[in-house]
Structures are given as C-alpha cells and as structure tokens.
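Take a look at the structure below.
The values are calculated or read from the model by the stated rules, or taken from the named source; none is laboratory data. Here the structure is a predicted model, which is why all the values come from computation and not from measurement. With ideal geometry, Cβ positions are generated from the backbone for all residues, glycine too; neighbour counts draw on all protein chains shown. Calculation scope for accessible area: heavy atoms of the full protein, side chains included, ligands and nucleic acids excluded. Shrake-Rupley method; radii C 1.70, N 1.55, O 1.52, S 1.80 Å.
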Amino acid sequence: MSVRLGINPITWTNDDMPELGGDIPLETCLAETRLAGYAGTELGGKFPRTARELSPILAHHHLHLVSGWYDGRICDREADAEFAAILPHLTLLRDLGCKVVVYADTSRGRHGDIHQPLSQRPRLADADWPAYGRKLTALADRMAAFGVGMAFHHHMGTIVQTDREIDLMLQHSGPSVGLLFDTGHCLFAGGDPAALLRRHIARVVHVHCKDVRQDVLDRALAADLGFMQAVLQGIFTVPGDGCIPFLPLLQDLQAHDYAGWLVVEAEQDPRIAHPLTYAKLGYRNLLATAQQAGFTVTEAKP
C-alpha cells in the first residue's frame, strides 16, 4: 500500500502556548516543511482559513493540506449544533482535498486545562458512554455525508485519554467514527500502542507518529504533571528519537492495507529543539521505517 508523509506545524509553533515559536513566520514553517521532505502539512493557527487564501500558499511550497485539528464539544452539545459549529472548518478541509478532520473532544475544559495536573482532567461515568457514542456517531455520519470523515483524536487531558476510554468510545459508536491513532498520547496515558492498534486497526483512518522520551515520561507520571508541563520538559520527540518501536506498528498498518497519511507530530520547545533539524530527523526515520514495513511512500514532487 501507498502512504504519504506529513508533519504538523506544532514542530515550529505551538497554538496552545503562542510564546513557543510565536515569532516563527508561516513562510518559514512551510518552506522548512518542504525542505525536510514532507508531502503535506496539517493546519496551524497561523494558516489562512479560506481555501482561496490558503491554496496558493500551499501550492507555492508544493505541499498538500493533510488535515486540521478541531476543538470539539460533542459531549456538551447535540450533533446538529456541533455540526453547524464545525462546518466552516470542514468546508476548508474538503475544498483542499482532505479526507478526514482531526477531531478531539475538549468538552468540560480545554484538555481539562492543559496546565493543570492530569489527574484533574474530566471523565465520563461508565453509564454515560452509550449516549455519548450515539451523539458522536450522529455527528460523524453528518461529516461523512459532507465529504470529510471523522478521525477521533484520543488526547491527554480529555475525556478520551486512556486505552479503556478509547475502547469504550469505539464500542459505543458506529463505523463512521474513525480513530486517529496517536502513538505518543497512547503511551503517555499508560497504554500499550501495539495492543491498542491491534484491537482497533480496522477503525484507524489517520496516524500521528509521536515518539516519547522515557525518562521524561517517568518524571511526568511520578509528578502528575500537566500536559504542557510535560511538553516543556521534552516528553515528545520525532519517530526514532525516543522509546517507541515504530516498525511493528507500521508493519501492522501495512498488513491491514492502511493507505492514508503518516504524520510527524512532536511538540517541543523550538528554542531547545531546532524545528528544521527535528523535522528532517523525523522524516528520515519515518521514511526508512515505513519502507522497511513494506509501504510504498509517495514522496513530494520537487
């Protein structure tokens, strides 16, 4: 099967903490994305939000738009209201050729407040999951009919963080709810990336390749750090620079005919982790591992 490699602009600038890379222009981000070898980029806060504005900018850099994050509120809203709120975002993605939207449910607080200890994050009671799954499915059905599928992003600090919560979310939702498999968030949440992928590989529609530094992970868990505190201490890095074995994960995806994007998403402090250096490292490592796993990688045209 064929895949393409993309990157998230959080390597250069962090929308949750604008002081991290806030001074780095969009032009630098896109130029270095292309220089590092990637075929596409996900959205970031500095990107124009209309296809008319964004399309020529991406074309100038010979980049595709991969997808884009959306702060969802489906736990707190009905499906019709949530679809109306996300429609401008979906329209941009559809008009620029994206197949999925990165949808994270940040209800009950922005990641439960990304600066607070993760033990204080919001949670759903077991009895709430069936109704939640029905609402999520209704929203995903609307998205699919519009032309952009849901890639549900399990994320630290949200109501779908742990492997068990991912299991419950998928158990109680329909097939239109696709899974964004994120290696780093799975491990940080105490999960087993290989086991999680094996259980739900049929639902995976998008992949974030994020590595983890084991020593920082151990400290973060022991100290009950908030999500951003762990990021600032360097918990995440690009594939091949941490403790996650990516080859067996990509071999499983290849065996199940995954044919989407593999996206490097490794938020770090750009003052410490030079963005272009890490973008190149992530591309080089992910390309070699994907090819070793048996994928044909469609590289960007010069």
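Identify all residues within the range 235-249 that are of a type in the set (A, V, I, L, M, F, W, C), open to solvent by 40 Å² or more (accessible area, probe 1.4 Å) and either in a helix (DSSP H, G or I) or in contact (Cβ under 8 Å) with a residue 60 or more places away in the chain (or both); write none if there are none. Please lay out each step first, then the result.
If we filter the range 235-249 for residues that are of a type in the set (A, V, I, L, M, F, W, C), which is where we start, we get 235-236, 238, 243-244, 246-247, 249.
Those left that are additionally open to solvent by 40 Å² or more (accessible area, probe 1.4 Å): 243, 247.
The answer is Leu247, and nothing else.
May I ask you to verify whether Thr33 is in contact with a Ser or Thr (Cβ under 6 Å, 6 or more places away or on another chain) and either at positive phi or crowded, with 18+ Cβ neighbours inside 10 Å (or both)? Even if it seems obvious, please write down each step before you answer.
Numbers: in contact with a Ser or Thr (Cβ under 6 Å, 6 or more places away or on another chain): yes; either at positive phi or crowded, with 18+ Cβ neighbours inside 10 Å (or both): yes.
So Thr33 passes the test.
Residue under question is His200, and the condition is that it be in contact with a strand residue (DSSP E or B) (Cβ under 8 Å, 6 or more places away or on another chain) and assigned to a strand (DSSP E or B); does it hold?
Numbers: in contact with a strand residue (DSSP E or B) (Cβ under 8 Å, 6 or more places away or on another chain): yes; assigned to a strand (DSSP E or B): no.
For His200, the condition - in contact with a strand residue (DSSP E or B) (Cβ under 8 Å, 6 or more places away or on another chain) and assigned to a strand (DSSP E or B) - is not met.
Is there a residue being more than 24 Å from Phe47 (Cβ to Cβ), surrounded by fewer than 23 Cβ atoms within 10 Å (Cβ to Cβ) and of a type in the set (A, V, I, L, M) anywhere in the range 71-86?
Checking the range 71-86: at least one residue is more than 24 Å from Phe47 (Cβ to Cβ), surrounded by fewer than 23 Cβ atoms within 10 Å (Cβ to Cβ) and of a type in the set (A, V, I, L, M).
Somewhere in the range 263-272, is a residue open to solvent by 10 Å² or more (accessible area, probe 1.4 Å), closer than 15 Å to Val207 by Cβ and in contact with an Asp or Glu (Cβ under 8 Å, 6 or more places away or on another chain)?
There is at least one residue in the range 263-272 that is open to solvent by 10 Å² or more (accessible area, probe 1.4 Å), closer than 15 Å to Val207 by Cβ and in contact with an Asp or Glu (Cβ under 8 Å, 6 or more places away or on another chain).
Only one residue in Leu232, Leu197 is of a type outside the set (Gly, Ala, Ser) and open to solvent by less than 10 Å² (accessible area, probe 1.4 Å). Which one? Step through it out loud before you land on a result.
Details: Leu232 fails: open to solvent by less than 10 Å² (accessible area, probe 1.4 Å).
Just one listed residue meets the conditions, Leu197.
Is there a residue being over 22 Å from Glu82 (Cβ atoms), surrounded by fewer than 22 Cβ atoms within 10 Å (Cβ to Cβ), hydroxyl-bearing (Ser, Thr, Tyr) and modelled with pLDDT of 95 or more anywhere in the range 158-167?
Residues of the range 158-167 over 22 Å from Glu82 (Cβ atoms): 162-164, 167.
Within this subset, residues satisfying the condition of being surrounded by fewer than 22 Cβ atoms within 10 Å (Cβ to Cβ) are 162-164, 167.
Next cut, hydroxyl-bearing (Ser, Thr, Tyr) only: 162.
Checking the rest, the ones that are also modelled with pLDDT of 95 or more come to 162.
For the range 158-167, residues over 22 Å from Glu82 (Cβ atoms), surrounded by fewer than 22 Cβ atoms within 10 Å (Cβ to Cβ), hydroxyl-bearing (Ser, Thr, Tyr) and modelled with pLDDT of 95 or more: present.
Specify which of the listed residues (Glu53, Glu27) is within 30 Å of Thr289 (Cα to Cα) and in a helix (DSSP H, G or I).
Working: Glu53 fails: within 30 Å of Thr289 (Cα to Cα).
Only one candidate qualifies: Glu27.
Consider Ala223 carefully, then state whether it is hydrophobic (A, V, I, L, M, F, W, C), open to solvent by 10 Å² or more (accessible area, probe 1.4 Å), more than 18 Å from the chain's Cα centre (by Cα) and at pLDDT 95 or above. I'd like the intermediate steps shown before the answer.
Details: hydrophobic (A, V, I, L, M, F, W, C): yes; open to solvent by 10 Å² or more (accessible area, probe 1.4 Å): yes; more than 18 Å from the chain's Cα centre (by Cα): yes; at pLDDT 95 or above: yes.
Yes.
Can you tell me which condition Ser107 does not meet? The list is (1) more than 30 Å from Thr50 (Cα to Cα); (2) under 20 Å from the mean Cα position of the chain (by Cα); (3) small (Gly, Ala, Ser), and all the others hold.
(1)
Output the number of residues of the range 98-137 satisfying the condition of being of a type outside the set (Gly, Ala, Ser), open to solvent by 50 Å² or more (accessible area, probe 1.4 Å) and outside any helix (DSSP H, G or I).
The number of residues fulfilling the criteria is 6.
Answer with yes or no whether Asp252 is open to solvent by 50 Å² or more (accessible area, probe 1.4 Å), acidic (Asp, Glu), at pLDDT 95 or above and in a helix (DSSP H, G or I). First the steps, then the outcome.
On the way: open to solvent by 50 Å² or more (accessible area, probe 1.4 Å): no; acidic (Asp, Glu): yes; at pLDDT 95 or above: yes; in a helix (DSSP H, G or I): yes.
No, not satisfied.
So which of Gly109, Gly40 ends up being free of Cβ contacts under 8 Å to residues at least 60 places away in the same chain and of a type in the set (Gly, Ala, Ser)?
Numbers: Gly40 fails: free of Cβ contacts under 8 Å to residues at least 60 places away in the same chain.
Only one candidate passes the filter, namely Gly109.
Quick one: is Val216 within 18 Å of Asn8 (Cβ to Cβ), in contact with a Gly (Cβ under 6 Å, 6 or more places away or on another chain) and open to solvent by less than 50 Å² (accessible area, probe 1.4 Å)? Explain how you work it out, then say what you get.
Numbers: within 18 Å of Asn8 (Cβ to Cβ): no; in contact with a Gly (Cβ under 6 Å, 6 or more places away or on another chain): yes; open to solvent by less than 50 Å² (accessible area, probe 1.4 Å): yes.
No; evaluated as a whole, the condition is false for this residue.
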